[in-house]
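One structure is given here, and the rest of the page talks about it.
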Amino acid sequence: MSVTKYFDIVIIGGGLVGASLALALKDSPFSVTIVEASPERELNANDVNARSIALSYSSKQIFSGLGVWEQMQAYTTPIHHIHISDRGHFGATRIHANEQSVDALGYSIQAQMVGKSLYDVLTDGVTWLRPATMKAIDLNNKSLTVETEQGEQTITTQLVIAADGNFSKTRELLNIKTTTTDYDQSAVVANITLDRKHGHKAYERFTEAGPIALLPVDDNHMALVWTATHEQVKQLVELDEPTFLEQLQTEFGHRAGRFIAASKRMMFPLNLIESHEQVREGLIILGNAAHALHPVAAQGFNLALRDVAELAEVLVAAEDAKDLGHQQRLQAYADARQCDQEQTIHFTDTLLNIFSNELWPLTPIRGLSLAVLDNVSPLKKWLAKRAMGFRGKASRLARGLTLK
């Protein structure tokens, strides 16, 4: 027998983006449910979500406004310095937290610990429907059908928010097109042990094959994201540990010290995926379902979190549940976020194309650019603001304030 339930807002996808939005709406007058395909899982050090991510300073502000930062902070490592360099070429840019009058430029944390912090406080005010798979969606009738262990259920709602990742089922069912830029690259992810303390310094090292990023984790461990061609990354994953460390040392150099151990390595293909639509009457596309970025400069999740902060502010301002899905309200959100989204996507895409290109005219310009950035204060401040996630007018949450 089919069961019909009503919620003002239905969030498709209970990952970090969907859970962050649910937390922002938890104390609103609107009923919220999260439809999540996977069952609850125990934390697992070998799980894909054990990888570390970089939270920008503005993301820290957003989590502070959501009231979860104090719990989350226990799992973070602050980033006090960022070092940007180009292998084989002179010039480097160094950004320091004290020069920007902040305690930290950002923070590294395992993705699963972000999730744990969010899920621990999502026990009241938000309903979970899991494991549940969406089978159909009808925006005209404001309804969707999901398959659960108990059978099919119909959910009626004012607003569907699709936060179901790169390969969004919502996009597929609604025939929303995407543009995919294939970088012909993958990333190998691992944790690296150093022979010295990292000093809370993060590195972005551009090489001919792609960027190498190192994030500080604890005293002498760093999280590695090494980007190269699919074939090169496949070979790196298959290497024995000493040979892998030797190749990493050769590509990265010794500025962080000597690499003495590596954890299990995982491989991820990299693309830029952009949804052609983010807003329809009764629908928002959010997170990686809206725009999945290359990991260079660690912008993807931080951009999505700024989207969450703006959307939550727009929705909480609604006086009645019937106003939640109106095109005009949702378009106001999309218009407010357009500039930041376009600039961030353009910034990461341009950065990757310039620094992964060995055409002769570009190579000397790159080194000169890094040297200029390091020595011209206004330019360095501009770059630091981008790294910290400050672009244009900030939402209340991005200023560390509560929604009301």
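A few remarks follow.
- Evaluation of LYS201 against (1) touching a residue at least 12 places away in the same chain (Cβ under 8 Å); (2) farther than 30 Å from GLN249 by Cβ; (3) surrounded by fewer than 20 Cβ atoms within 10 Å (Cβ to Cβ) (one fails), failing number: (2)
- Within region 74-97, considering residues that are without any contact (Cβ under 8 Å) to a residue 60 or more places away in the chain and under 30 Å from THR207 (Cα atoms), the one least open to solvent (accessible area, probe 1.4 Å): ALA97
- For GLN100, the requirement of being crowded, with 16+ Cβ neighbours inside 10 Å, in contact (Cβ under 8 Å) with a residue 60 or more places away in the chain and more than 20 Å from LEU383 (Cα to Cα) is not met.
- Whichever residue in region 21-54 is at pLDDT below 85 and among the small types (Gly, Ala, Ser) and, among such residues, is farthest from TRP69 (Cα to Cα): ALA45
- Lone qualifier among ASP340, ASP307, ASP335, ASP349 - being loosely packed, with under 14 Cβ neighbours inside 10 Å, at pLDDT 65 or above and assigned to a helix (DSSP H, G or I): ASP335
- Screening VAL225 with (1) touching a helix residue (DSSP H, G or I) at 6+ places or on another chain (Cβ under 7 Å); (2) buried (at least 22 other Cβ atoms within 10 Å of the Cβ); (3) of a type outside the set (Phe, Trp, Tyr) gives one miss only, at (1).
- Within region 1-20, considering residues that are in a loop (DSSP other than H, G, I, E, B) and either over 23 Å from GLU152 (Cα atoms) or open to solvent by 60 Å² or more (accessible area, probe 1.4 Å) (or both), the one modelled with the lowest pLDDT: MET1
- Note on region 117-135: residues that are in contact with a helix residue (DSSP H, G or I) (Cβ under 7 Å, 6 or more places away or on another chain), touching a residue at least 60 places away in the same chain (Cβ under 8 Å) and either open to solvent by less than 50 Å² (accessible area, probe 1.4 Å) or assigned to a loop (DSSP other than H, G, I, E, B) (or both) amount to 5.
- Of the criteria (1) touching a residue at least 60 places away in the same chain (Cβ under 8 Å); (2) outside any loop (DSSP other than H, G, I, E, B); (3) crowded, with 17+ Cβ neighbours inside 10 Å, which one ILE176 fails: (2)
- Within region 245-273, if we keep just the residues that are outside any strand (DSSP E or B), in contact (Cβ under 8 Å) with a residue 24 or more places away in the chain and in contact with a helix residue (DSSP H, G or I) (Cβ under 8 Å, 6 or more places away or on another chain), the residue that is most open to solvent (accessible area, probe 1.4 Å) turns out to be ARG258.
- When PHE167 is tested against (1) surrounded by 15 or more Cβ atoms within 10 Å (Cβ to Cβ); (2) among the aromatic types (Phe, Trp, Tyr); (3) part of a loop (DSSP other than H, G, I, E, B), only condition (1) is not met.
- Among the residues examined, GLU208 does not qualify as free of Cβ contacts under 8 Å to residues at least 40 places away in the same chain, out of contact with any Phe, Trp or Tyr (no Cβ under 8 Å at 6 or more places or on another chain) and open to solvent by 50 Å² or more (accessible area, probe 1.4 Å).
- Here PHE244 clears all of (1) closer than 15 Å to MET266 by Cα; (2) modelled with pLDDT under 95 except the condition numbered (2).
- The C-beta contact set for region 103-116 (first residue closer than 9 Å to ILE53 by Cα, second residue small (Gly, Ala, Ser) and surrounded by fewer than 21 Cβ atoms within 10 Å (Cβ to Cβ), distance under 6 angstrom, 6+ apart or interchain) comprises GLN110/ALA50.
- Looking only at region 56-71, residues that are part of a helix (DSSP H, G or I), farther than 20 Å from LYS385 by Cβ and among the aliphatic types (A, V, I, L, M) come to 0 in all.
The values are calculated or read from the model by the stated rules, or taken from the named source; none is laboratory data. Owing to the predicted nature of the structure, the values given are computational and were not obtained by experimental measurement. A quick note on method: Cβ atoms are made from the backbone with ideal geometry, for glycine too, and the neighbour counts reach across all protein chains shown. These accessible areas exclude ligands, DNA and RNA; they are computed on the full protein's heavy atoms, side chains included. Shrake-Rupley method; radii C 1.70, N 1.55, O 1.52, S 1.80 Å.
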